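For reference, the structure discussed in these notes is given below.
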Amino acid sequence: MTLHAAIQHARDRLARAGLAPSDAEFDARLLARHVLGWDAARLLASQRDPEPPGFGARYDTAIARRERREPVAYITGVREFWGLPFEVTPDVLIPRPETELLVEEALTALRESGSWGTSEQPLVVDVGTGSGCVAVSLAREAPDARVVATDISPGALLVARRNAARLTPDRRPRFVCADLLAGLRFQADLIVSNPPYVSVGDAPGLTPEVRDREPHPALFGGTDGLAIVRALLAQAPSHLRAGGRLIFEFGCGQDDAVEELISADGRYTIIGIRRDLQGIPRVAVTRVDGR
């Protein structure tokens, strides 16, 4: 069998398993490249060639996992974020492109910190770090910053530490097992977070890859999706310097509720709400004004 024939057969299997035709085609090719260790150009140039020895069995195993709706990132063990290859396992949420907005806004805040910060080495805390994608990206992009990252999951912290060791060997964030900020003692200049924000009532509408495979503590934020956001808003002021920033991601359609929560707290000023490329509000940028 040629590589082309094997990939087309795999595409048909994935389509029968419920994937959209375009997704089935994309995933069949991506998994072939993963098994072969090739880039897209080499696969395209070689697709009429016979299968290399050993390819068929390993490719069949990968496709069978995808048929069971296991996310591709968990099969390949990697997902790109901020241009970097992050290890991912079922212990961590798979990084999403929209979370890069969190990094962008954090870097903007750090560049402007001369007007509001109090430290030449600003302290940045990433709450709920998961794979460490935000913390590691900030450590690479802001070498003068000290980065601390928290997560309640020991398994997630192991993945984050491995990513830091590989991607920021000389400037690793410090990782701490904690429920948000509980029990920690520091005064940060900036707190960033991608908290769980999916409503438990929305679970049936999620894809099987998300609903059945990704870690629920990293996904669901209570009945309205905002339970963890409320806890974060309550905890952050006591861990921020006066004038410090809290920047966090939230879900599609939650912007009005998030703005109401921020305003009702009385200790924050909303600096801005960042929208993604589709115009959907995604990230809140706030300043802590009082205790």
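Suppose we filter the stretch 193-209 for residues that are out of contact with any Ser or Thr (no Cβ under 8 Å at 6 or more places or on another chain) and touching a residue at least 24 places away in the same chain (Cβ under 8 Å); how many remain? Give the derivation first.
Step one: of the stretch 193-209, the residues out of contact with any Ser or Thr (no Cβ under 8 Å at 6 or more places or on another chain) are 193, 195-198, 202-209.
Within this subset, residues satisfying the condition of being touching a residue at least 24 places away in the same chain (Cβ under 8 Å) are 193, 195-198, 207-209.
Result for the stretch 193-209: 8.
If you go through the stretch 214-250 and keep only what is outside any helix (DSSP H, G or I), without any contact (Cβ under 8 Å) to a residue 60 or more places away in the chain and of a type in the set (Val, Ile, Thr), you end up with just THR223. The residues on offer are ALA139, ALA160, ALA203, ALA164, and the sole one that is out of contact with any Asp or Glu (no Cβ under 9 Å at 6 or more places or on another chain), under 30 Å from ASP23 (Cα atoms) and part of a helix (DSSP H, G or I) is ALA203.
Across the stretch 255-278, the qualifying residues are those that are in contact with a helix residue (DSSP H, G or I) (Cβ under 8 Å, 6 or more places away or on another chain) and assigned to a loop (DSSP other than H, G, I, E, B), and the one among them that is surrounded by the most Cβ atoms within 10 Å (Cβ to Cβ) is ARG267. Of a type in the set (Gly, Ala, Ser), modelled with pLDDT of 95 or more, surrounded by 16 or more Cβ atoms within 10 Å (Cβ to Cβ) and part of a helix (DSSP H, G or I): does that describe ALA64? No: the conditions fail for ALA64.
The values are calculated or read from the model by the stated rules, or taken from the named source; none is laboratory data. This one's a predicted model, so the numbers in the text were calculated from it and none came from an experiment. Don't worry about glycine lacking a Cβ; one is built from the backbone with ideal geometry, like all the others, and counts go over all protein chains shown.
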